[in-house]
1. Could you tell me which of the pairs LYS81/LYS346; LYS179/LYS346; LYS81/LYS159; LYS23/LYS56; LYS23/LYS201 are separated by over 19 angstrom between their Cα atoms in the structure shown?
2. What is the Cα radius of gyration of the stretch 22-117 over 2.2 N^0.38 Å, N being its residue count?
3. For the stretch 166-255, run through the trypsin sites (Lys or Arg not before Pro) and keep only the ones in DSSP coil with at most 14 other Cβ atoms within 10 Å of their Cβ.
4. For THR349, what is the net charge nearby, where nearby means another residue's Cβ is under 14 Å from its Cβ and Lys, Arg count +1, Asp, Glu -1?
5. In a GNM of the chain with a 10 Å cut-off on Cα contacts, which of GLU282, GLU118, GLU253 has the highest mean-square fluctuation?
6. Given contacts defined as C-alpha pairs under 8 Å and at least six residues apart, what's the relative contact order of the stretch 275-364, whole-number percent?
7. Rounded, prolate or oblate: pick one for the stretch 274-364, where a ≥ b ≥ c are the square roots of the eigenvalues of its C-alpha gyration tensor, a/c under 1.5 means rounded, and failing that, prolate if a/b is larger than b/c, else oblate.
8. For the stretch 1-120, with all protein chains present and a 1.4 Å probe, just round the carbon and sulfur fraction of the accessible area to a whole percent.
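The values are calculated or read from the model by the stated rules, or taken from the named source; none is laboratory data. Owing to the predicted nature of the structure, the values given are computational and were not obtained by experimental measurement. No Cβ is skipped: glycine too gets one built from the backbone with ideal geometry, and neighbour counts run over all protein chains shown. The accessibility values were calculated without ligands, DNA or RNA, using every heavy atom of the protein model including side chains. Shrake-Rupley method; radii C 1.70, N 1.55, O 1.52, S 1.80 Å.
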Amino acid sequence: MADNSNQSFKAADLVIQLSPTPKTKLDMLTFGTVFTDHMLTIEWSATEGWQAPLIKPFGNLSLHPACSSLHYGIQLFEGLKAYRGVDNRLRLFRPMLNMNRMSNSAERACLPAFDQSELLECIRRLVEIDQDWVPHSDSAALYIRPTFISTEPSLGVKKPSHALLYVILCQAGPYFNNKALSLWADPKYTRAWKGGTGDCKMGGNYGCSLYAQYEAVDYGCEQVLWLYGDDHQITEAGTMNIFLYWINEDGEEELATVPLDGIILPGVTRQSILELTREWGEFKVTERYLTMRQLCTALKQQRVKELFGSGTACMICPIGRIVYQGENLHIPGQDKHSQLTSRIAKELTDIQYGRTASDWTFLV
């Protein structure tokens, strides 16, 4: 028998089973609670390789109790959105960046390789089938959650011989309601470390953050500002990449974010902000290390203009306050009408909703 375990599935082989009982579509835009009528599933085994992709009615999964994704966290996911444009056409925003990141995460998790373009075409078909679920709104979208899990039915800690790639869709409104967030910064908890999986979108990165998240709430904050090392390097804010807009130590106007060094998740919105602002050419745009000491000094010297987080779920989220070593650090820039945060958010959403033509969008 020919070994086809390394060959990818093909979108041309897609099997579609439509739901006989479509659900009533409600305007429930609470993130991650209302799911569409269909889902995509693609099974893989080491002996038979990838099976034909299947779009079927949304439903529960059946997993072996010893499934190693449940016991050892051999799983990962992605997140992207479908937007209904002002022309009523549906667009995905730079989806190949998500496919590439998912492929990199799969390699790190010892899950099988797949053709990124073939997966994107399967996702496009799924969104096309459930297109009526995409909100008619320029402040909401359809969230797409590709997920890849080991279905290895044994308790051995080993490379999986069975896996399942699936995609589900849900409606999504504003993640943080566009208000300025408060962050709790304490070095006793670490989100990721050198040589770890902080640059991969694995569930374990998020599950282990919950304890610190609830401690942040005890300190009157909504999210955690993750620090790293003895010098309290700033890494990420909650599940967001972080940007500092300031006058740096050399007196230059600068937009800075942390470099991709294996700790930081390579966010699609992060990359888009860097490319967009560099194209403007109006101020210095850098990827550099930032510490809490630098931030505190800049705040005292009134050199900080804005601080914000970025991500697919939240898009652009201003940060208004940080609790650090018993101090309340108030971040300026939240009361300006022409702030950079708003300008970036507008330019990106104009692209996503089709108000501005761009090769960053992928038409469904």
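1. On the way: LYS81/LYS346 17 Å; LYS179/LYS346 15 Å; LYS81/LYS159 31 Å; LYS23/LYS56 14 Å; LYS23/LYS201 30 Å.
Those over the limit are LYS81/LYS159; LYS23/LYS201.
2. Numbers: Rg = 16.2 Å, N = 96, 2.2 N^0.38 = 12.5 Å.
Against the empirical 2.2 N^0.38 Å value, I get 1.30 for the stretch 22-117.
3. Details: sites: LYS179, LYS188, ARG191, LYS194, LYS201; in loops: LYS179, LYS188, ARG191, LYS194, LYS201.
Those that pass, being in a loop and sparsely packed, are LYS179, LYS188, LYS194.
4. +4
5. It is GLU282.
6. Values: 66 pairs, mean separation 16.1, N = 90.
Contact order relative to length: 18 percent.
7. Numbers: a/c = 2.31, a/b = 2.03, b/c = 1.14.
Prolate.
8. That share works out to 51 percent.
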